[in-house]
Every structure is written in structure tokens, then in C-alpha cells.
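Right, one structure below, let's go through it.
The values are calculated or read from the model by the stated rules, or taken from the named source; none is laboratory data. Values in this document were obtained by computation on a predicted structure and should not be read as measured data. FYI the Cβ positions are ideal-geometry reconstructions off the backbone, even for glycines, and counts take in every protein chain you see. Just so you know, the surface numbers come from the protein's heavy atoms only, side chains and all, with ligands and any DNA or RNA stripped out. Shrake-Rupley method; radii C 1.70, N 1.55, O 1.52, S 1.80 Å.
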2 protein chains.
Amino acid sequence: MNPISKAEENHLKAIFTLCEESDKPASTNAIAKIMKTKAASVTAMIIRLSGKEPSLVNHQKHKGVRLTKAGKKLATNLIRKHRLWETFLVEKLNFSWDEVHDIAEELEHIKAEKLIDRLDEFLGRPKFDPHGDPIPDAEGNFTYRKQILLTELVKNQAAVVVGVLDDSPSFLQYLNKLNLVLGAKVQVLERVDYDGSNRILLNDQQEQILTNKVCQNLYVKTL
Amino acid sequence: MNPISKAEENHLKAIFTLCEESDKPASTNAIAKIMKTKAASVTAMIIRLSGKEPSLVNHQKHKGVRLTKAGKKLATNLIRKHRLWETFLVEKLNFSWDEVHDIAEELEHIKAEKLIDRLDEFLGRPKFDPHGDPIPDAEGNFTYRKQILLTELVKNQAAVVVGVLDDSPSFLQYLNKLNLVLGAKVQVLERVDYDGSNRILLNDQQEQILTNKVCQNLYVKTL
DNA sequence: AATATTTTTTAGATTAATCTAAAAATAGTA
DNA sequence: TACTATTTTTAGATTAATCTAAAAAATATT
């Protein structure tokens, strides 16, 4: 059975993400939504993936689908490639963090393993990408980090921004304007019950008002 | 009419190369040979390419095919991308010149124009790739250089190696062994009629015997 | 539990890119 | 020039990846 195709890879990635998020088998509908296709197409693809040697997914009709060990390995490697390319684009080619997703989405399908090894080395074997997401190593191990959402940070406790939950360009661009980039130091001065806003001290200097929506999408690590 | 596909791009590149080489329309058979497909498939592809808006090729049945202005623009841009990626692989990721062709063959199909602009900048807007081939600029202009084959170099005239005609891995690897890399200084000490070999002085130091075949595939520039 | 709603699968069709085999056109040669 | 050989095109088939519409299964609601 031929080398794995881009469409197959993207389905694996979607299934991986869904199963990680919910710990339940991924539904055809949910996969179709991510892939921007229809449930019927997903069913066909699942059948093809489960017919691979070795099989990449386990599925029972109407019961959703999970990745096998082999499928997980492939999905993890894709995520590794995606995040390394994003890092390259930001660190070396001066893209900003809101621009890199779509380009990395294409680059992640380049096959040569040696390329990704060398790229990893060139970048200094980074553990996190420009959005603060962990980059798995060549064996597929992620680095975990005790991080919390800014909404969970206790008042006056100092912390640094280490990542985002929502990585949509519009949110990232808004953060740019607020100077809320990775590494920024933050402290919650006050949580205002009245409108759910948060008074924040940013980099020990400026005060800033953040809505709960923003705080719910920012990961921080206490100092 | 949708974005241009990888298969379409590769056909354009093949046609470009053939027409540049011979100044004649490219034949379906010749294209099929490069594409490793069959003439019938090429005919089908040509019909598709000529139906694009704007049309990418001009063809009359049984008379071969040429690129239109629009087709040439696309082909040139592909060559630009291919050569910039090769340069990146060698200069930044420490690949050797015999390893980069196939990887660049994949990378050249990544679409984002901004990516290639930034890459060009990152590499310092190089004019030649690791094999000495010119890299067209964003407008499609190639830098020409008066270069000759080593077989044409007059006896005792000093010159530097600036490129290769044959860029097959086996030839490039052989050149590595002989220390005949880009920038090496060469002088022809003697052309031996007996066996068609050439006595060369390399980097003002070592003497080296090169066959005519090697000399016919090495471009040099006189000093 | 019976029925209605939603989700998933099946069936059948479409498009891109390829193939083989046969027909048609061009080129080469006696 | 007429015949032969080669090249190109046409015709018809195949596979991957998608679609729509309908059928079947699972889930939710009275």
C-alpha cells in the first residue's frame, strides 16, 4: 500500500486532535467539519485508513474511530513537522505568529525525514512552537509544562504568558496589539464582578483591562 | 479554473526545460519521459493546460507544445522556488549538493508567495544555487555569466569551477571525492590525446587526472 | 416504548490524473 | 513516391477523493 497521501494524513491529524480533546472516539461528522468535507467522504476515508498495512485506525460502524499505535505515530509526526515549520517561519523568516498556520499546513506534508531532523537541529531542538504548543520529539514525546489559564491565576500572583488556547489569526493579532506576546509578565490586580473584566499589570509597567474571553484563552505559568 | 496543481506545474516545468534546451516545441514523448508517464497522459494534460484562463500552453496537434507568456511565468517561478530551496538546504541545513534535488522537488510546490520572498531575503538574495545554476529573481530574470565547459578552457588558463551540467547525485558525489567543488581553482596542464584524459592543476596544489566526460560536465569561469 | 431527530453508512456520480490499446498523423527510407 | 516506422492522439478504463441523496442505525423526546 502506497505512501500515505496528504488527504489521509489530514484525516489522521483530525482524528488525533478530536480523540485527544475528548478522550472519546471521533465521529464522522466532527471529522468532516475539521476537514471541510462531508460525513460520507469521511466514512470512505476511514475504510481506506483501516485497510492500510499496518492499519491506522480502529473503527466499528456507527461507533466512531480511534487511531491505532501506527496511526498515532504518523499523526504525532505530522504535528511535529507542523510546529517545527511554524517555529522556522517565525524565528528565521520573521513571520508573525498569526500568519504561519496555513503555510505550515502545506509544509508539514513534505516527506523527507532527514529534512525535519536537520530543521529541528537548525532551530536548536525547540520544545514549544510560536503559539506555546509543545513540539513532540522524533520519538513522539511531548514536553508537558504546568500551565494554567489566566482566568485561574490567583490575584497578585506573578506569571508569564506561555501559550494560547485559541490560535485563530484574529485573536493572535489582537494580542499583538495588547503586547500580550509569549514571555510577557502578567499579574491579576483585580477581577471586576460587574462586567467580568480583569485589571492586569503587564510587564510590571502598564495596566490593562482584559475581558474574561481573552483570559480564558491565554495560558500562563506562575513564576 | 482552480489553483494550478502539482501535476500541472511539473508539466509546465518539463516543457520549459525542453524548449529552453532545443528552442523547438516540446514533444509529448519527451515530456512523458521527464514526467515518467505516457505520451497519452501528456496529451490529456496539454489539453487541460491550454484550456486554462489565461492559457498556459500553445499547441497544434502533432506539432508539439510551447509555453505562453503566462506559462513561462509560472515555470520560471517554480525554478526560482526549486533553486532557492536547494540553496536553503545546502547553506542552512548542511545538506550536500547531491542530496537536495528530490527534497526541493517537493518544496517547490508550496504556494505562499510571501514564503519564497522571505526565504530569498533570508538567504541573502542568492544569484546561483548549489549546482551553479542561476536563480531567477521575483520578476523571472536570470543572471547570466560567461562560463565555459572545462573542455573548452585553453591550456594553462586559470579558472574557477562555477557549475555543473550534469547534476546527477552520482556525478556530484564523484566530484566531492575529487575536491572539485564550486569555487575550486583549476588549470589545464595537458590534454592527453592517447586516452582523452586531462592533467589538471587543482587549487594551485595537487595535480589530478580528469576524463573528458568529467570535463564536459563542469562549467568554469576564467579569472 | 413509540416516534421523531440526528448521525452514519451505502449507493451511485464526478473530476483529476493516470493507464493500455488502437487509430491517425507525421517522418524516414528504399 | 510509396511503404514502413515512429509519434501522437483518441477511446475507454482505473483509482483516489470528493459529492448528493437515500437508507439504516443510533439517540433523543414525548
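For segment B:163-175, name all the residues that are more than 19 Å from B:Arg83 (Cβ to Cβ) and surrounded by fewer than 13 Cβ atoms within 10 Å (Cβ to Cβ). The answer is B:Ser170, and nothing else.
Taking residues in segment A:133-161 that are over 13 Å from A:Val220 (Cβ atoms), and partners anywhere that are aromatic (Phe, Trp, Tyr) and loosely packed, with under 12 Cβ neighbours inside 10 Å, the pairs with Cβ atoms closer than 9 Å and at least 6 places apart or on different chains are A:Pro134/A:Tyr144.
The helices (runs of 4 or more DSSP H) found entirely in segment A:1-104 that carry 2 or more residues being open to solvent by 40 Å² or more (accessible area, probe 1.4 Å) and farther than 25 Å from A:Leu165 by Cα are A:6-22, A:39-50. Within segment A:105-145, the set of residues being within 13 Å of chain B (Cβ to nearest Cβ), farther than 24 Å from A:Val181 by Cα and in a loop (DSSP other than H, G, I, E, B) comprises A:Glu108, A:His109, A:Ile110, A:Lys111, A:Ala112.
Scanning segment A:182-195 for residues that are under 27 Å from the mean Cα position of the chain (by Cα) and open to solvent by less than 60 Å² (accessible area, probe 1.4 Å) gives A:Gly183, A:Ala184, A:Lys185, A:Val186, A:Gln187, A:Val188. Residues of segment B:138-162 being surrounded by 14 or more Cβ atoms within 10 Å (Cβ to Cβ) and within 18 Å of B:Glu91 (Cβ to Cβ), which ones? Hits for segment B:138-162 are B:Val161, B:Val162.
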